[in-house]
Amino acid sequence: QALHSSSGKQSSPTRVSAVLPSAMDDGPGGTAPPVAGAGLGAARSLKSRPSADFSLEDLAGEQGSAFLKQKLQSFAVEVQKEKQEQVEERVGGRDGLEDHSAPSSWTIKDHWTPSWSDVVAEVISKLLTPAQSEVFPWLERALVGTIAKKDRRGRESVVLLTELLEARGIAGLVAEKLVESAHRIYDGAAMSGEELHEKFRRNGECFELYYGTFAESLVGLEERLGPANQSVLQALIDEHCHRTDSLIAWTTGDYGITTTSKLEFELVARDIIDELRSEGADDDFPANWHSAAKILATMIDETAPQEWPAETRNTGYPRATYRKRGFLRQAIEKNKDLARINCKMLLFEEVLALRLHTGAMFEKYNAVSRGGSLVGSANVYLQNKFLSLCGGNDQLTPNRYTTTLCVVISGMVKVSRLTSPKAMCYRGVINALLPHHFWHADEHGMCGGTEMAFLSATQDRSLAVKFAQNGAGTIIEIESQRSCRGCVLCWVSQYPHEGELAFPPLTCIEVVSSRVDGVLLVVRVRASLSSALRSTEDIMMAVDLVSAKELMDCEQALLDADSAGGKPFKLISGQPKAAAMGLYHFMRVKDPFMENSATSILEEVQSFVNKLKEQAISAALLKKASEIERKAIKEFAPDAYIAEQDIAYFRKVSWSEADAVPDAVVAKVEEEVLGNLKYILNEAASEVFVKGPNSIRDEGRGAVRLDYFMEHENVESAELTVPHVVALRLYTTLAFKYLNAPLRDRAEFYDKMRPHPLPKTIAFINEGIKKLRAVSATRVADGRAKPKTTLWRGFKNVEISDDFMKKDDNGNYTGGTELAPMSTTSDLTVAAKYSRSDKSLLFKLDMSSFMQYGAELQWLSAFPK
């Protein structure tokens, strides 16, 4: 006003008695905003500055600039000193903590930017009259489009806006909004981060965020919630569909959705099934993903329509319409990227769990993470929230979703490898306080804590700022590290517009600095993953040696017991081979019950065939008898009636035609059992095509005899005898049918107390297989072979029984016992080809030691190819 007259022309030189600016006065007609770099930090109630007399000529030219700079610098020192006095008076001193809001770095751009968008929006909206906006609501968007298009062609937009502003008389509105914004900024600019946080606390309307201590990140999720189930897919189904809370409805806090765990699972499962049935899906996805989808399909009534529960809050992007589609194909692309950087790829179960996490289920998952721990002290409020959401009708056994949480975490960690390690992300919270240990360092000089639940953030700072407005707002800036990066979830999300970037539970949050940005508290932190997290693959394969409770019990027992002194001695144990060879090997004596001749096997087989021939005669006579004669024979000569049943049984076992006469059945049995045995004992190997295995017998062996096999190194290594080799070689022929069938057909033999027809042969096979385990142990120990941990078995037209898939009280499958010698292969493709049928079944056998491994028989097999 001193420099310009009302006409806009410069006034004549005059003497001015000026008061240097201190801050925005509260009264009407306040002074100008504080000078950047000088007014920063001054509170509203700072005392008025002493007058400084100078003339306008003093401000002219370079000397004038130096004069003004000197005045402002002395003023800034005085202001900062007085600010510090008021701060100490207000909060009782800084307690030795560093002030992170450095005054020298303060700029209008940094502090006004978050508020400027609000000012612009309101000014632009006033360019239209209220009547226009009400009658034509689309005009606001059209106006912005017009401004943008004109600006692309030159500076026409500037002229247009200038004319509109003058026509509407909006200059006063701009000034008013700028003053309001300046007030808000300056209220916060006078404080450090901790001081603003203390102001939030005194406000009395804020709640305190729950963070654990750094030490809590070292306690693994399974130690907190219990062990995960190795049968991961079935566990996901059970935890959502068959637990105490599965059918109990609850309403989410963010979108106001009323739903159940079972419904949420079924909705996600339907999306997965639909995508795996879409065009091209057979080629796009792995076979095991299709198999998993078939399991999901068995639990859903696909004929019944199922709608997504509606959002009652934040209804702009309902997931029924806007949820991400094609997320399975996105997962395949992620796996290609992960493979290129040599990282573990996403499993089907992890994609399923991640999809669940992005919907209503995240609320339960976080409730479990924060209030469902089985160890340590619990926050009563969070514990009650967990029980109310997951306790169901039986709050003594609440659902902790342990396997689900482990799988979500594993998927997040994998996908996070694709996030840039330099990426910054943001989390906005409103009316929330950070706990004491975020402001006061621990014994290691660190401030911060452990996020016990999933931490959701965004890479778009404006979204976090928007969320934190209209209250005591805090922005948490999260620095990513190479070992800890957020997981981008929009590709799989039910709400992709959120742009969610998530960190798993037990993430350590270390405070780096704090500052004030306008009216917002900004806390910069550094995130690091817990070292106690496991991948889904580890869960599927690993078995914990001791549980958390067992470990604590063990530690207590050690504390209570007296310690034994003295020099320790070495544990005495034999070599692994000795375990497979048995007791007599270790005692260095021959098995007193074992013979070194195949005579007993030959006699047993001959007896079996002769008996079957006698039964064939009885069966043939019985077939010609009348009904009355048959009844008499059944009563007075039951053996003849049993003969007919045995012939019928071995007709089926020998794969004979259904109408084959008894003599034909016996002839086939004799050829396949006695004929093969005599071939093994007395004849030179020869190549003959054999139906059944559809392969050439002893292909490529040459005219070798039994002595050739007895000289094999495996015989010496496993200490096999002649009957071991003969019995094992016989088992590799079509004779296996007559060895296995009586063991498996319990109704025909075991239940009727009938003995196996070839017990000695089975005994030698059993003993030989056990002894041959030593061969594997020796080769691995010598470095000649690698331990095999997986074998495969294929079944044709076989279904698993319900009893086999039942679970015990610990959630483990019942399974069963293989009653006969079981053929397997280390080649999956061999097992798959063998199982090809209308009802194919594959067994995958996981082995942790050679004692679980069978015998490799290719070296003596009748069909080595």
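The values are calculated or read from the model by the stated rules, or taken from the named source; none is laboratory data. Just so we're clear, the structure is a prediction, and the values are computed from it rather than from any experiment. Ideal geometry is used to build each Cβ from the backbone, glycine not excepted, and the neighbour counts take in all protein chains shown. Please note that ligands, DNA and RNA were not included when accessible areas were found on the heavy atoms of the full protein model with its side chains. Shrake-Rupley method; radii C 1.70, N 1.55, O 1.52, S 1.80 Å.
Quick look at the values:
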read-out: Cα principal axis extents for the range 691-778, largest first, Å; value: 42, 32, 21
read-out: Kirkwood-type radius of the range 324-454, with distances r between different C-alpha atoms, in Å; value: 17.4
read-out: Rounded Å value of the spacing that divides the Cα centres of the range 730-753 and the range 636-682; value: 13
read-out: Potential extension, residue 244-residue 388 segment - 0.36 nm per residue separation minus Cα distance; value: 50.7 nm
read-out: Computed Kirkwood radius, in angstrom, where 1/r is averaged over Cα pairs of the range 399-451; value: 14.7
read-out: Span per principal axis, largest first, for the Cα atoms of the range 224-264 (Å); value: 34, 22, 16
read-out: Net charge dipole size for the range 620-770 [Lys, Arg +1 and Asp, Glu -1 on Cβ; Debye, nearest 20]; value: 480
read-out: Bins of 10 Å from zero: percent of alpha-carbon pairs in the range 403-526; value: 13, 43, 35, 9, 0
read-out: Filter on 262/844; 668/844; 631/752; 833/865; 613/668 - keep pairs with C-alpha separation over 23 Å; value: 262/844; 668/844
read-out: Accessible area of the range 241-322 divided out per residue, in Å², using a probe of 1.4 angstrom; value: 53
read-out: Cα-based radius of gyration of the range 721-845 once divided by 2.2 N^0.38 Å, which approximates compact folds; value: 1.24
read-out: Within the range 304-362, GluC sites (Glu not before Pro) in DSSP loop having at most 10 other beta-carbon neighbours inside 10 Å; value: 307
read-out: Column: log10 I(q)/I(0), Debye, Cα scatterers of the range 253-334, q = 0.14, 0.17, 0.24 Å⁻¹; value: -0.56, -0.79, -1.21
read-out: Surface per residue (accessible, 1.4 Å probe) for the range 662-708, Å²; value: 53
read-out: Alpha-carbon centroids, the range 328-367 and the range 404-466: separation in whole Å; value: 19
